[in-house]
Amino acid sequence: METTWMAKGNCADRDPKIFFPSDGIGVARAKSICSTCPVQAACLEHALTHRIDHGAVSYTHLTLPTNREV
């Protein structure tokens with residue numbers, strides 16, 4: 001799997017905890033970081049492919065059901 005795109009993300013030099021918020025303020029912070037990210041599409045594709053069902057990914061707060069078929 002090719003992952004070089006990850007180094008180009010706005011999140012590359014941030015604490016990963018930012019993207020797993022527990023409140024609305026945290027979600028807003030994560031979304032603001034993702035909103036201008038140049039690798040949003042690759043990030044979302046990665047999350048869906050690998051069934052990452054939590055966290056703020058590609059400007060989308062993921063709360064997918066665990067039985068969702070991708």
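The values are calculated or read from the model by the stated rules, or taken from the named source; none is laboratory data. None of the values given here were measured: they were computed from a predicted structure. Note that each Cβ is placed from the backbone with ideal geometry, even for glycine, and that neighbours are counted across all protein chains shown. These accessible areas exclude ligands, DNA and RNA; they are computed on the full protein's heavy atoms, side chains included. Shrake-Rupley method; radii C 1.70, N 1.55, O 1.52, S 1.80 Å.
Data overview
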{"read-out": "Label-point separation, residue 20 to residue 54 (7 Å along Cα→Cβ), nm", "value": "0.7"}
{"read-out": "Long-range HN-HN contacts of residue 57 with modeled amide H, under 5 Å", "value": "62"}
{"read-out": "Accessible surface ranking that places the most exposed of 46, 54 first, with a 1.4 angstrom probe", "value": "54, 46"}
{"read-out": "Pair residue 4, residue 32: separation of 7 Å Cα→Cβ label points (nm)", "value": "3.3"}
